[in-house]
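The values are calculated or read from the model by the stated rules, or taken from the named source; none is laboratory data. Everything numeric in this text was worked out from a predicted model, so none of it was measured. Cβ: placed from backbone, ideal geometry, glycine included. Neighbour counts: every protein chain shown.
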Amino acid sequence: MLPITIDPVATIIGPPKDAAGNPLRQTIQVRPQHEGCLLRIEHCQHLWVLYWMSQLEPSDRLVTQVHPRGDRRNPLTGVFATHSPMRPNPIGMTRVRLVERDGLRLIVEGLDAFDGSPVIDIKSG
């Protein structure tokens, strides 16, 4: 099988939570070459954001089984049957509420990606 190359379409700006753990609005900064992809996106109330969990260590990608939610009382489960970030290809997917579009910036609520995470794709949700 040939390797896959994915070029990010955007970058996440801002942390997902404040120091107290409260969710924050985040910005998705879309790359200029993808401006046309944003046509009428402001008509969407929700979006699916697919992003690369770039802060995981290479060793995290080798983990095949986890205790769901990190609770050792839960039986070991294959990562494909969980929401664990530990996976061969650390792709995150979150449904967010689109608050505002400002040019190439999408202001969203409910995103759980770290600041600087590359966005792989955005879909209406």
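A few comments on the model shown:
- First in segment 38-56 and touching a residue at least 40 places away in the same chain (Cβ under 8 Å) and within 25 Å of HIS83 (Cα to Cα), second anywhere and among the aromatic types (Phe, Trp, Tyr) and surrounded by 13 or more Cβ atoms within 10 Å (Cβ to Cβ), Cβ under 7 Å, 6 or more apart: GLN55/PHE114
- Which listed residue, of LEU39, LEU56, LEU47, is closer than 26 Å to GLN26 by Cα and either touching a helix residue (DSSP H, G or I) at 6+ places or on another chain (Cβ under 8 Å) or of a type in the set (Lys, Arg) (or both): LEU47
- Residue count for segment 1-47 under the criterion of being in a loop (DSSP other than H, G, I, E, B) and closer than 12 Å to LEU104 by Cα: the result is 3.
- Applying the criterion of being of a type in the set (D, E, K, R) and within 13 Å of LEU50 (Cβ to Cβ) to the residues of segment 88-125, the residue that is surrounded by the most Cβ atoms within 10 Å (Cβ to Cβ) is ASP112.
- Residue within segment 67-90 that is of a type in the set (Val, Ile, Thr), touching a Ser or Thr at 6+ places or on another chain (Cβ under 8 Å) and either closer than 17 Å to ALA113 by Cα or not in a helix (DSSP H, G or I) (or both) present: no
- Any hit, segment 85-96, residues being among the small types (Gly, Ala, Ser) and either over 20 Å from PRO15 (Cβ atoms) or touching a residue at least 60 places away in the same chain (Cβ under 8 Å) (or both): no
- Qualifying positions in segment 13-56 - within 12 Å of ILE122 (Cα to Cα), β-branched (Val, Ile, Thr) and crowded, with 16+ Cβ neighbours inside 10 Å: ILE28, VAL30, VAL49
- Verdict on ILE6 being at pLDDT below 95 and more than 12 Å from ARG101 (Cβ to Cβ): yes
- Here ARG61 clears all of (1) free of Cβ contacts under 8 Å to residues at least 24 places away in the same chain; (2) part of a helix (DSSP H, G or I); (3) of a type outside the set (Asp, Glu) except the condition numbered (1).
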